[in-house]
Amino acid sequence: MTVLEARQIDKFFVNATTTQVLNQVSIEIKRGEFVSVVGKSGCGKSTLLYILSTMDTDYQGQLYLDGELITGKSATYLSQLRNEKNWICVSVSLPATRVYYIGKCDDSRAQTG
């Protein structure tokens with residue numbers, strides 16, 4: 001069963017110029033799978049994870065959770081969703097890498113980095 005699916009995700013950063021940081025990224029994660037996102041600095045790993053965690057909603061494409069399209073949902077809905085579901089909740093900065101824990105957030109693990 002697919003629990004998280006991203007289809008054709010495009011992400012742009014717009015300043016004086018427009019920079020495309022994700023181009024047609026698709027990923028399907030099934031229940032029980034362990035997934036690592038690896039790549040060199042600046043390739044879009046954190047950007048993708050922010051989109052998958054529903055913290056960034058300014059993207060093109062579709063994001064599904066348990067088969068439900070959550071792209072375009074309100075900030076209130078997404079906040080409630082993150083509180084109810086097992087979700088990416090912690091990032092710990094380490095030299096040259098980031099580690100993301102997936103699971104229900106609790107005070108003992110709630111750190112930011």
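Each value in this text was obtained by applying a stated rule to the coordinates, not by laboratory testing. Note that this is a predicted model, so its numbers are computed, not measured. Note that we place each Cβ from the backbone using ideal geometry, even for glycine, and neighbour counts take in every protein chain shown.
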Could you size up the charge dipole of the range 2-85 around its Cα centre, putting +1 on the beta carbon of Lys and Arg and -1 on that of Asp and Glu, and report it in debye to the nearest 20? 180 debye
Mind checking which of Gly42, Ser79, Val3 is farthest towards the positive end of the range 2-85's charge dipole, using Cβ charges of +1 (Lys, Arg) and -1 (Asp, Glu) about the Cα centre? Gly42
Would you please put 16-25, 51-60 in order of how densely packed they are, using the mean number of other Cβ atoms within 10 angstrom per residue and starting with the highest? 51-60, 16-25
In sequence order, what are the phi-derived ³J(HN,Hα) couplings for the range 41-48 according to the Karplus relation 6.51 cos²θ - 1.76 cosθ + 1.60 with θ = phi - 60°, rounded to whole Hz, with x for glycine and proline? 4, x, 7, x, 4, 5, 4, 4
Hey, can you rank 72-84, 30-42 by average C-beta count inside 10 Å, highest first? 72-84, 30-42
